[in-house]
Every structure is written in structure tokens, then in C-alpha cells.
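Taken together, the values in this text are just the output of simple stated rules run on the coordinates, not laboratory data. Everything quoted here is computed from the prediction, not taken from an experiment. Please note: Cβ atoms are built from the backbone with ideal geometry, for glycine as well, and neighbour counts cover all protein chains shown.
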Amino acid sequence: MLAVRFIVSYTLRKNNSPQRSLNSRPRFQGRRNYVNPGLRIDINRFVNRAQSVTSEDLYSPIHQFSDFAIDPILKRNIEYKKYISPTPIQDQVIPHVLDGKDVIGIANTGTGKTAAFLIPLMNTLVRNKSDKVLIMVPTRELAQQIQSELFSFNNNLYIKSAVCIGGANIRAQMRDLRNNPSFVIGTPGRLKDLIERKVLYLGNFKTVVLDEADRMLDMGFIHDMKEILSLMPTPRQTLLFSATLSPKIEQLTKQFQTNPVKVSVKTRETLEHVAQDIVHVAHQGQKIDVLHNLLTQPDFEKVLIFGETKHGVQELSNALNVRGHKSTAIHGNKNQNARQKALQQFKRNEIRILVATDVAARGLDIPHVSHVINFDIPASYDDYVHRIGRTGRAGNPGKALTFVR
């Protein structure tokens, strides 16, 4: 167990003291019934003693990045990023994508899936500049992160891209599409809108990537995804990446892929090097006081806090700022510029605490998050796994705490 049990009991004693200075500050009530009555997650699954990585856990790649048959300029850009040995998903997927095969990639969060498809697809576009790639993702932040990763490999390659997401200026996106980009990265709703406006034509796209496909299905994008895929030419190359392989995902692969190669490196249900524990609170109103006292501990250096609702997340961030904790929030009620600004502030350590809905639980690569705190219990255990995957990335230690009553 983590030392947090001592911290929690200590904060509860402080909260009962009449001398407590926090009494003069506003109390965050949030959503009173924050636990879904139908939720059936055993809270013992939120407890895990972190395990160090042993030599038996280390993956020995078959390839080095220098071994792949890719353009020399792209190879130099990879070397500049100090990429030498590919991750398991990269090692096993890149050769198949280079061969033009359809791929199903199943891997935990934080395993390098983005580079696994970007590197070979960029190589394809270098060799045939008339080809085009469509990348569908569930969230705006993930779309922008993929473009940022693309930029990092793009020095002297001059591959154009466009990000097409909701919450951003659609006229600017229409202008970008008229510049004939090789990569179009977008969320299903905005892509469909641009298709209907006749500024995005899919007849010349030879490749499509469905990234975080399970999350897109969870968010209700299945009909938009199928409609968009039906507008693309065949034969084509279809790459699907997901953390899980549900029956709906399997149905999608059967309908839209041809003899796909399945690559699975999902070896653990949770990240064993993330220390996980629970924080007991007596009632809802006590949660903000306990959280405040946790955040005053020196080891809570960079903290990502997850809440259930957009309103609750914003209210919690405001309450933390009142209590002296520099915080900002990401949720669906914020426009895209505000969400991106908040994310960049957190990545650059300009703020120490980011409060978010599950929009930040998937795909985002945020370095050096010391703690993930589930202020509200997630809707499913899969959501929990994705939330805690924001800490302990790239083999670094991490800690995750979940508030329970």
C-alpha cells in the first residue's frame, strides 16, 4: 500500500480541528451522487503495489529503426529524435504497414502506436506524393497530438497535413483542405461535416487509420465512421489501433479490412509499475478538503485529476485555485483554443494541476505526471486503466489514487 493511508487519516483529523484555516474557504460540493448507482467495480482493483521492471519484462526488438527500409531523410529525422530501438508495437507493426497490409494493432496506452503508423505512412507518401492518408480519432486533443508528432518527423520532407476537429474554425480547416494536404487528421463529426460541404473528397485516399477505435465506438461515432469508410475507394490500406478488441471492433474489421495482420502487445490489464491505492472519504463534501491536503504534499509534483462531469471539473479547478493550487481544466464546454492552451500549460509545467473529464484519458502523451487522481470513480474499469495510463509512462514510476466512499 502507499503511504497515502497515513496522509488521509492525518487530513481527516485536521479537518475536524476548529483551528483549521480552511474553514474560511469555500467548500466544493460537486455532484452529490458521483458514484453511478449501476457501477460494479471492485475497489480492490484500484490497489496495486508498484513493481519494478525486471530483465524478464524487457522486450528485445527484432529491428532497430536503422534497419527499416525507409527514406534516408525520414531515417535521419528519427535519429534526431534519439529513437534507436522501436517499442514492441512499432517493431511488429511497421514492417507490415510498409508492405501495404491491413493491420489490427492492440496495445496498451503509451506504447508508441502513433509512430507505429506515422513512420511507415510518411515513407509511403515520400515515395508517392499523390497518395493521401485519412486518420480518424475520437478527440480533438489526440488529433492535434498526432499532427505534432508528424511535424517532428517531417523536417525537409515537406509533407502537408490538415487537422479537422470540432470546436475550431471550420473556414480555416476548409482553407487547409484546399491546399491539398497528404494527411488529413480529424474527428468523425467534423470530417463528416466537411464531406457534406464538399470540401473533403475521399475518392483519392489510399489509406485510412482508425486510432483509439474502441473509444470512438464508446463515444457513439460508429455510424459516422462507417459512413466515412464507405466513401473511401477499395482496395485501400486500413489500419486499426485499439486498446481492446470488442465484438463491435471485430465486426468493424470484418466489414472494412482485408486479411488484416493482428498484432497484440497488450500484456497487462493495468500498468504494474504504477502504484495504485484508494482514498476513503466519509462524505462528498469532505473530498475537496482531503484533496487539498494531498496536493500540499511535496511529492505531488505534477497532478492530473479526473472528474465525471464538465461542470464538476470546472468547479473543482476553480475551487483549487481559490485554495492556492495553480490549476486549469479541460472539458467539452471549453472551446478548442482554451483546451489546447490548458494542455500546453500543463505539459510545459506552467501549471502543476490539470483537472479533466475523460477527454484527457486516451492517447495523450503528457510527460512526467507524478500522480493521477480519480476524484470521481470512472464509469468502467477500462476507463480507469486509460486514466492511470497518463502516469508512469515510458517505464517511469507513477502513482494513482482513487477517491471512494
Please report, in debye to the nearest 20, how large the charge dipole of the range 208-300 is about its Cα centre when each Lys and Arg carries +1 at its beta carbon and each Asp and Glu carries -1 there. 460 debye
³J(HN,Hα), Karplus 6.51/-1.76/1.60, whole Hz, each residue of the range 149-161, x for Gly, Pro: 5, 4, 4, 5, 9, 9, 4, 6, 9, 6, 8, 8, 9
Please rank 225, 122, fewest neighbouring Cβ atoms within 10 Å first, as an exposure proxy. 225, 122
Could you please rank 139, 124, placing first whichever residue has the fewest other Cβ atoms within 10 Å of its Cβ? 124, 139
Quick one: if the Förster radius is 35 Å, what FRET efficiency do residue 296 and residue 337 give, using the C-beta to C-beta distance and rounding to 0.05? 0.65
Near the amide H of residue 264, under 5 Å away, which other amide H atoms are found, from residues 5 or more places off or on another chain, if H is placed in the peptide plane? 106
Burial ordering of 87, 207, 309, fewest other beta-carbon atoms within 10 Å first: 309, 87, 207
In whole Å, what is the distance between the alpha-carbon centres of the range 218-263 and the range 162-208? 19 Å
Can you tell me the relative contact order of the range 330-405? Whole percent, Cα pairs under 8 Å, sequence separation 6 or more. 29 percent
Ranking 209, 219, 264 by how far each Cα lies towards the positive end of the charge dipole of the range 65-264 (+1 on Lys and Arg Cβ, -1 on Asp and Glu Cβ), the top one is 209
Starting at the first residue of the range 93-107, write each ³J(HN,Hα) from the Karplus equation 6.51 cos²θ - 1.76 cosθ + 1.60 with θ = phi - 60°, in whole Hz, x for Gly and Pro. 8, 3, x, 5, 5, 4, 7, x, 7, 6, 9, 10, x, 10, 7
A convex hull over the alpha carbons of the range 237-381 yields, per residue, a volume in Å³ of 159 Å³
Can you list the residues, at least 5 places off or on another chain, whose amide H is less than 5 Å from the amide H of residue 373, using H built in the peptide plane? 304, 305, 306, 401
Equivalent ellipsoid, the range 65-264 (semi-axes from 5 times Cα gyration tensor eigenvalues, Å): 24, 21, 15
Tell me which residues come under 5 Å, amide H to amide H, from residue 330 once H is placed; ignore anything under 5 positions away on its chain. 355, 356, 357
Estimated dipole of the range 104-157 in Debye, rounded to 20 [Cβ of Lys and Arg +1, of Asp and Glu -1, Cα centre]: 140 debye
Among 170, 104, 145, which residue has its Cα furthest toward the positive end of the charge dipole of the range 65-264, with +1 on Lys/Arg Cβ and -1 on Asp/Glu Cβ? 170
How far, in nm, would the chain grow between residue 311 and residue 130 when pulled straight, counting 0.36 nm per residue and subtracting the alpha carbon separation? 60.6 nm
